[in-house]
1. Tell me which aspartates and glutamates have Cα within less than 16 Å of Lys501's Cα, excluding those fewer than 8 residues away on the same chain?
2. So if I place +1 on the C-beta of Lys and Arg and -1 on the C-beta of Asp and Glu, and nothing else carries charge, what would the dipole magnitude of segment 133-187 be about its Cα centre? I want it in debye, nearest 20.
3. For Lys349, go through the aspartates and glutamates and keep the ones whose alpha-carbon is under 16 Å away, minus same-chain ones fewer than eight residues off.
4. Name the chymotrypsin sites (Phe, Trp or Tyr not before Pro) in segment 452-532 that are in a loop by DSSP and that have at most 11 other C-beta atoms within 10 Å, would you?
5. Among Ala472, Ser434, Leu454, pick out the residue whose Cα is farthest towards the positive end of the charge dipole of segment 432-494, where Lys and Arg carry +1 and Asp and Glu carry -1 on C-beta, about the Cα centre.
6. If I compute solvent accessible area with a 1.4 Å probe over the protein chains, what percent of it on segment 404-472 is carbon and sulfur?
7. In the structure displayed, which of Lys210/Lys429; Lys298/Lys439; Lys215/Lys369; Lys176/Lys339; Lys210/Lys484 lie more than 22 Å apart, Cα to Cα?
8. Would you please give the residues with an amide H less than 5 Å from that of Ser380, counting only those at least 5 places away or on a separate chain, with H modeled from the backbone geometry?
Amino acid sequence: MRSLIALLILLILCTAYVHQVQGKQNTTTTNSSQPTNKSVNSTKPSKVVKPSNKTPAAPKNHEAIPTQNKSIIAPKKITKPNTTASSKPSKTGNASNKTSSVKKINEARLKHDNSTNTPKKEAKTNETPTSNGYTYHIIPHTHDDAGWLTTFEHYFIGDESPFGECVECILDTIFKLLGGREERVFPYVEMSFFERWYRILTTDSQEDVKKFVRKKQLYFSNAGWVMNDEACVYYEDVIEQFILGHRFVFNEFNYTPTVGWAIDPFGHSATQPYLLAQMGINMAIFERINHKDVEKRKLDGTMEFVWVPYEDFPEWNIIGHHNYMKYGSTRESGYCFPKNVCDDFDPSKNSIPTAAGWLQSQASMYGTKEILWQIGNDFSFSNEDDGIELYCAIEDFVDGVNAMDDPLFGKAILSTPEIYLERWYEDYKKMPTSNLVIKSDDFFPYAEVPTWTLEAGYWSGYFTSKPKLKWAIKDSSWLLQTGKKIMLGAFLQATQSEEKKELLQKCNEALDTLERAVAINQHHDAITGTAKKFTDLDYMTMLNEGRSAVWNVIREIFQKETIAKPEFSLGDDPTIDFFRCNQNTSSIECEPLTKLLKSNSNSSLLVKIYNPGSNKRMVQRIKIPHSQIEGNNDRFSLVDRFSFSF
């Protein structure tokens, strides 16, 4: 009897083993038969010069939050970006397409893959990680200064940049990378460079760029004309530079930015998030603040917070996020990336478990289990081969983290600030016990401890350095706003359709020139005075060209208005040469006036006072530097033959 029972047990065990083996075989067969993702053919973008179009983007609604408490549970609702492609067709280009296949990218990737022992898997961006732990958002990026050690144009073309920086090459490389795999993503920030590059593409290449946006591969973080300074700027000028960038991405891609990205300005003002919130931005990501503040926030777990700049307007709040470490070298993580990210790159010293543990240690400092890690440096991806190698190394890291056996380490995804924001909000809603503190003030002055000294350096000298450049920027901004009002008045007074059409074209061209000049000077290395001297001269040249263009149109409008008035009799030569006196102190400081009075004392002097501000009655004191004029502030009498028209 016992033998029979033992035989039956043995038979049952054998049957179970056979079923288990068959199940494994079926699973293996099923997994191996799944199709793999194929590379998408990419073409090098061909280029042709194109004009720009402009329309404003609509702001988004925000929900009010309570301000009486010191902490807050629910931030405002995040509005997802609309990335539907624009229906407006691009104009036809004449340049020929320069075809290049994805073979070069795949060869470089194969070479890079063979040099590492990391198991290869497809890097995914849209899949939710299967682990119940943390999600590491690995963000490839490049920080491109709109002028610094050289000029904007030299940085774009790369012909005279000091270290081979080439923004045109960067964008060409990004174009190829995104065309190589649909899982690849990339955020780009500086629209002054992107618009410059996009306008010289042919229609086919522009359609490819729009396709990247539609497929959520290409994102526009911040999307200002530049990454503006936040200490020396005037709020109107900040709005202007954002209008230029946001108008461009809205017109071309029907794209509305949702994330602010300011990783290089030297400190951060409370006005910046106040403006961002009203533009529809839901999160402000930044880096440079006082080193003591960073240390305290890491200890307190307040690296993310609700920024309410003005307590009287709590509805204009925004999520503030300080990156764990400054962009650039990743050595402290235990995992270095090649080329200009880590100068002493040695793959043999890299440790994925160490880096994953380093990322996981940051979770207690932020509001959710979503962890952001930006990989890039100044002008990363300038060299095509180096850029491909860097991006492949980032993909290797993502694959390596996801290949680890321990799910407690979490999962990694290729990401962008926008993807991080969406996942952050979804995660935050699931964590009812997570509180974010409220901040209402700014982050000034910025201070850091350089590696070569133990003493902190405070960045405050740029508040007042290079006053001539700062004055030129402010004066150009004043002329821009004044010009808009004068030109609008002239346009409304024009009666003939052809006259309106001609005037509109002149005004748009002149204002666009000055708008771009003022906008690019809001860059955090321009108005601050931290750029090289010859770069400053280039900034001044842009401003002078813009001011000249706007002033010429204003002068033409003033001439027509004056000639049309019957009370002014100009005789046989109805010409008026308007000039502008910047300072109302002495004729010596207004050279055109001095020359006029010296050359011909018989000429009439017409003084036109325009107040671009609010309707307010003011008394203007005007000094007349001529010995033949007598009088006081309201009455003038002619001593000799000099006439004065007022």
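1. Within the straight-line limit of under 16 Å, Lys501 reaches these aspartates and glutamates: Glu509, Glu556.
2. Details: 3 positive and 10 negative charges, 77 e Å.
In total the dipole reaches around 360 debye.
3. Once the sequence-local aspartates and glutamates are set aside, what remains near Lys349 is Glu332, Asp396.
4. Working: sites: Trp452, Tyr458, Trp459, Tyr462, Phe463, Trp471, Trp478, Phe491; in loops: Trp452.
Taking segment 452-532 and a limit of 11 other Cβ atoms within 10 Å, the loop chymotrypsin sites (Phe, Trp or Tyr not before Pro) found are Trp452.
5. About the Cα centre, the residue reaching furthest to the positive side is Ala472.
6. 60 percent
7. Too far apart for the 22 Å limit: Lys210/Lys429; Lys215/Lys369; Lys210/Lys484.
8. Long-range HN contacts for Ser380: His143.
The values are calculated or read from the model by the stated rules, or taken from the named source; none is laboratory data. Just so you know, these numbers come straight off a predicted model, no measurement behind them. Cβ sites come from the backbone with ideal geometry, for glycine too, and all protein chains shown count toward neighbours. Remember, those area values only see protein heavy atoms, side chains included, never the ligands or the DNA or RNA. Shrake-Rupley method; radii C 1.70, N 1.55, O 1.52, S 1.80 Å.
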